[in-house]
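Working notes, beginning with the structure itself.
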Amino acid sequence: MTAATAPTVSAPAPLTDLVAIRDLDRAQVDDLLAVAAELLPIARRERATVPTLRGRIVCNLFLEDSTRTRLSFDLAAKRLSADVVAFTAEGSSVSKGESLLDTAQTLMALGVDLVVLRTSSAGAPVQLARQLDIPVLNAGDGWHQHPTQALLDAFTLLQHRPILEGARILIVGDVLHSRVARSDVELFRLLGADVTLVAPPTLLPTDVSAWGVTTTADLDGVLPDLDVVYVLRLQKERMHRAFLPPTGEYAATWGIGPARLASMRPDALLMHPGPVNRGVELSSAALEDPRCLVQEQVTNGIAVRMACLYRLLAGPRSEAAREVTV
């Protein structure tokens, strides 16, 4: 048995909730990413769990379908030895008409220490954070925000590039319905990257001029000059048919297949938040390309979410940084 300690990165301003990227300053972002780097070996199961959050209860309140994010938060909490309560709308009082606030207050009365909320209602985590005395962590709310996805995306890129200052990042696809796009744009710009958006005109937000990004309809014209190509999922469940070109047309015009892979720089990186509509946003060749970071994003998501839980729940450094055995 060898001794190890919990992360030793000194904390900036403490986090009370995490509902949107815009609520974080650069010091808090750098801190979360540094803590994630220290926790990554645990996320990869190279070491056993640490008891940092032993005795704490994390409720995963998932009111919208999810696989990667839900499992990632579940594993993140368990790696830190927290108890996890999994809550879904089906089979609960929510299906009987109970409000989100009443549900969350019930959970708090039962002794839950933190609520991870995923919902189709944009803004719900903000409202919940104002009402509860325990931390709220946004796991995705409607078209609004997905802060831990943005953090894991930045963390993954920084494993391949020492800094993101000046990096040329393209986000392509269904920007209109994407909370990932909104969160990634905010975080990538905070880290100094230059962001370009490419999307069908019907899938660009009307307020995109205020985002501080470049927009273009010429994917093939910009592709050879980019450092990162971030492809969004086509969110059919969030749109009316009028927004959506035929799938084959969408893949040919906006998807990344063999020809576009060949036009990308050899050192360019390819990302996608998942789940992938194979053959639509990314071809099988793209998913198998060594520049594709999709699986790294999944693994890194556990470490980043561990870091977020740690910062929201671990308490004072003197309490959290206790010796553990692995």
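Each value in this text was obtained by applying a stated rule to the coordinates, not by laboratory testing. Because the structure is predicted, anything quoted here is derived from the model rather than measured. Here Cβ is always computed from backbone atoms with ideal geometry, including for glycine, and neighbour counts include all displayed protein chains.
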**OP:** Using a Förster distance of 30 angstrom, determine the FRET efficiency expected from the C-beta separation of Arg22 and Gln105, and round it to 0.05.
**Re:** 0.70
Subject >> Fewest-first sequence of Thr202, Thr52, Thr196 by Cβ atoms within 10 Å of each Cβ >> reply: Thr202, Thr196, Thr52
**OP:** Report, to the nearest 10°, how far helix 294-313 tilts away from the longest principal axis of the Cα atoms in the chain, using its own Cα long axis and a range of 0 to 90°.
**Re:** 40
Subject >> Between helix 100-109 and the chain: long-axis angle, C-alpha atoms, 0 to 90°, nearest 10 >> reply: 30
**OP:** Kindly provide the helix-only [θ] at 222 nm of the chain, computed as the sum of -39,500 (n - 2.57) over DSSP H runs of four or more divided by all residues, to the nearest 500 deg cm²/dmol?
**Re:** -10500 deg cm²/dmol
Original post:
With springs only between Cα atoms under 10 Å, which of Glu281, Glu186, Glu296 fluctuates most in a Gaussian network model of the chain?
Top reply: Glu296
Subject >> Inter-probe distance in nm under a simple model that places probes 7 Å from Cα toward Cβ, at Ser120 and Leu158 >> reply: 3.5
**OP:** Decide, for region 161-292, between rounded, prolate and oblate: order the square roots of the alpha carbon gyration tensor eigenvalues as a ≥ b ≥ c, take rounded if a/c falls under 1.5, and otherwise choose prolate if a/b is larger than b/c, else oblate.
**Re:** oblate
Subject >> Candidates Asp184, Asp220, Asp153: whichever shows maximal mean-square fluctuation once the chain is modelled as a Gaussian network with Cα springs under 10 Å >> reply: Asp220
Original post:
By DSSP, what percent of the beta bridges with both residues in the chain are antiparallel, rounded to the nearest 5?
Top reply: 10
